[in-house]
Amino acid sequence: MTSTLATSPLTAADRCDRCGAQAYVRVMLLSGGELLFCAHHGREHAPALTSAAATIQDESERLRETPAVAPEDER
């Protein structure tokens with residue numbers, strides 16, 4: 001997937017257009033529309049999205065982060 005920074009980061013309020021889970025991928029279409037996907041559906045639809053998208057903002061790496069509030073042995 002092509003990764004391009006958009007103007008605003010995705011938040012917990014941004015939901016996947018396919019399943020309603022938290023969105024980690026924003027696709028700005030060449031036609032001007034926007035699609036939001038969870039990491040799973042972003043990967044699943046990546047081949048089709050790449051040809052239809054002007055930009056793809058992929059923040060799925062955030063899923064690998066350990067929260068700062070996690071116990072020391074989990075960091």
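Just so it is clear, none of the values below were taken in a lab; they were calculated from the coordinates. This structure is a prediction, so every number in the text was calculated from the model and none was measured. Ideal geometry is used to build each Cβ from the backbone, glycine not excepted, and the neighbour counts take in all protein chains shown.
Points worth noting:
- Antiparallel DSSP beta bridges within the chain, as percent of all bridges there, nearest 5: 100 percent
- Loop-located GluC sites (Glu not before Pro) in the range 34-72 (DSSP state other than H, G, I, E, B) with a sparse environment of at most 13 neighbouring Cβ atoms within 10 Å: E65.
- About the Cα centre, charge dipole magnitude for the chain (Lys/Arg +1, Asp/Glu -1 at Cβ), debye: 260 debye
- For the range 1-62, alpha-carbon Rg relative to the globular expectation (2.2 N^0.38 Å, N residues): 0.97
- Environment charge at Q57 (Cβ cut-off 11 Å; Lys +1, Arg +1, Asp -1, Glu -1): -3
- Relative contact order of the chain, defined on C-alpha pairs under 8 angstrom at six or more residues apart (%): 33 percent
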